[in-house]
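Chemist: Take this structure, written in structure tokens, and hold onto it; I'll ask about it next.
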Amino acid sequence: MRQGYFPTMPTESAHYMLSVLTTSRRCKIICSAIAWTRLASAAYRCKLHTGVLAGYGVMQLGRTRSNAADVCRLLQEFPETRFVLMHIGYPYEHEFIALAKHYPNAAIDMCWAWIINPVAGVRFLKEFLMAVPSNKIFTFGGDYVAVEPIYGHAFVARRGIAQALSQLVAEGWIALENTHDLIDQIMRGNALQFFRKGHRADTTHS
């Protein structure tokens, strides 16, 4: 911690404050570790915000840029806990494709992503489906309470999903006859399976 954080404090007071903050941070880390371990034992899922922040004038881009690296350590240290990484980590979404591809306990939720940047959402979905098993992505989440913006967000998401899959079909990467089942999977089936809300067979891939 820089001395500038407590410019008017005596040295001993600054050292004491640093000790308190360090202890507090350690307690938070320990409590978080216990929580994540218990989440796994209780078959719960841990959802994490990643990427850009809402609002304006407050985001620390350096922290946003390091989201994927921070999450990587969690995925390694708690392999039995299943994590949902929300908002595709925008604007650093490629790192989250790599995380979902490499770690069996990571899935991606595109909630909010379609209205942050719908063009980036199309690009992300195309690249994700080419790199990662298709059962590790949820392509829509409303991120609203009122029904009207949820409807609007769903409209944008459906358009983006249609564009992404149409382009993959046109480019020869996906057969047209496979898109019907794929759409049901990425828009509905994956979430039902991941959160155990249905009776579909477990087809989780790493």
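Values in this text are rule-based calculations from the coordinates and carry no lab data. As the structure is a prediction and not an experimental result, all values here were calculated from the model. Cβ: placed from backbone, ideal geometry, glycine included. Neighbour counts: every protein chain shown.
Chemist: Pairs needed: first member in region 89-113, farther than 19 Å from Q185 by Cα; second member anywhere, part of a helix (DSSP H, G or I) and charged (D, E, K, R); C-beta distance under 8 Å; at least 6 residues apart or different chains.
Modeler: Cβ pairs passing all conditions: G89/E95; Y92/R65; H94/E127.
Chemist: Give the residues of region 54-102 that are basic (K, R) and surrounded by fewer than 17 Cβ atoms within 10 Å (Cβ to Cβ), sorted by residue number.
Modeler: Restricting attention to region 54-102, the residues satisfying the condition of being basic (K, R) are 63, 65, 73, 82, 101.
Selection gives R63, R65, R73, K101.
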